[in-house]
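Read the structure below first, then the notes.
The values are calculated or read from the model by the stated rules, or taken from the named source; none is laboratory data. Fair warning: this is a prediction, and the values are worked out from it, not measured in the lab. Backbone-built Cβ (ideal geometry, glycine too); neighbour counts: all protein chains shown.
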Amino acid sequence: MAVAASAPLVGCSTTTDRPTATSSSTKTAPTTTAFPEPPRYTYEIQGQEIRVATVSADPSDLLNTYNKLARTLQSTLADGGYWVRINCASSGTAKADNRLANGTLAVGQLGKAQIGGLGKFEGVVSGTHCP
């Protein structure tokens, strides 16, 4: 013989509360994102080294310079790993640059193998300045 037990349900409601619809608007997402324009710079490529001369030591400017250079050169360079050296254009000597920042850039599978990845901005050299 089976015995059924019943227990009162506590805290249950017999009515249902339905959420009300909220109004919303749709906006078109931007199709492109504008990259910040870096300060004036020049560059030269010597083998696997890209030497950049710029006029600002501001960390954001240096990152923007690296990013624009990478976007610009990615499709024009031969496959390989490149080392990016960003220097101050108005200081340094014939024997020593005023290094501001470093980075790497990989083009193709060979580049990824040579530098160990896609490439990156390696950051600002501590204590640098560019008059």
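Structure above, values below:
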| quantity | calculated |
| --- | --- |
| Selection count, the range 62-91, where residues are of a type in the set (Ser, Thr, Tyr) and in contact with an Asp or Glu (Cβ under 8 Å, 6 or more places away or on another chain) | 1 |
| The range 97-113, subset at pLDDT 95 or above and within 18 Å of PRO59 (Cβ to Cβ), residue surrounded by the most Cβ atoms within 10 Å (Cβ to Cβ) | LEU100 |
| Every pair of residues 6+ apart whose Cβ atoms lie under 8 Å, when the first sits in the range 117-131 and is without any contact (Cβ under 8 Å) to a residue 60 or more places away in the chain and on the phi < 0 side of the Ramachandran plot while the second is of a type in the set (Ser, Thr, Tyr) and assigned to a loop (DSSP other than H, G, I, E, B) | PRO131/SER90; PRO131/SER91 |
| Lone qualifier among TYR66, TYR43 - being of a type outside the set (Gly, Ala, Ser), under 16 Å from PHE121 (Cβ atoms) and in a strand (DSSP E or B) | TYR43 |
| Residue match in the range 54-61 (condition: at negative phi, touching a Leu at 6+ places or on another chain (Cβ under 7 Å) and acidic (Asp, Glu)) | no |
